[in-house]
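Every number here is computed from the coordinates shown, using simple stated rules; none is lab data. As the structure is a prediction and not an experimental result, all values here were calculated from the model. Positions of Cβ are generated from backbone atoms using ideal geometry, with glycine treated the same way; all protein chains shown enter the neighbour counts.
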Amino acid sequence: MRTDSEIRDDVINELEWDLEIAGPDAIAVAVTDGAVTLAGHASSYAEKLAAARAAGRVEGVKAIVNDLKVELSGSPQDDSDIARAIAHVLKWNVQVPEGVQAQVREGWVTLNGEVDHDYQRREVERMVRQVRGVTGVTDVIIIKPPASPERVQTLIEDAFSHEARVDARHIEVEVSGNVAKLYGNVHSVHEASAAKAAAASAPGIVAVESHLVVTP
């Protein structure tokens, strides 16, 4: 079992090597029983998240407490400037549907609205956290619920029929709320991945649980 001291050294090294982290020296790392606490400050919200991801890549890390404070360099950004910048990036991204809105208060952004797919929600959050002046993001965007589980299952099976690597005859789809569960047999890991991707593309699906068995 790795010691806390070894884990701490590796986390510090990971922070120093991560190109997304501009100021690793401003980040203090403490480790207790495999739980990592990051303290200090980051120059952006994106950097704060990158630091947590870097710590999570280290072997032996069991939990992460991200106490980094976002301290922006240069002149403080006004909320109205941040809001205009967010409106601009959302407007010109074709993956973002109309109706998504951002509210800004003291640099903290709350996202709301509705989208058809989970990847759209994740894309909105990814863009917003890159905007200068953003100190945090609360994402309450809703994935539009499907008309019915039967409708979503039909859409998934239709997607399978257009995917040459997937034999839909041996795959059973079960939809529960926004989660699609896949059962059955496939011929390869690639076919299982293709089936999971097809299911994830169905409107209203937030997560896919694959219980597919590979039988060459």
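Can you give me the number of residues within the range 35-55 that are under 19 Å from Leu72 (Cβ atoms) and either in a strand (DSSP E or B) or over 22 Å from the mean Cα position of the chain (by Cα) (or both)? The total comes to 5. Report yes if some residue within the range 16-34 is loosely packed, with under 15 Cβ neighbours inside 10 Å, under 23 Å from the mean Cα position of the chain (by Cα) and within 16 Å of Met127 (Cβ to Cβ); otherwise report no. Scanning the range 16-34 turns up at least one residue that is loosely packed, with under 15 Cβ neighbours inside 10 Å, under 23 Å from the mean Cα position of the chain (by Cα) and within 16 Å of Met127 (Cβ to Cβ).
Out of all the residues in the range 1-15, which are surrounded by 13 or more Cβ atoms within 10 Å (Cβ to Cβ) and free of Cβ contacts under 8 Å to residues at least 40 places away in the same chain?
Restricting attention to the range 1-15, the residues satisfying the condition of being surrounded by 13 or more Cβ atoms within 10 Å (Cβ to Cβ) are 2, 4, 6-15.
Result: Asp4, Arg8, Asp9, Ile12, Asn13.
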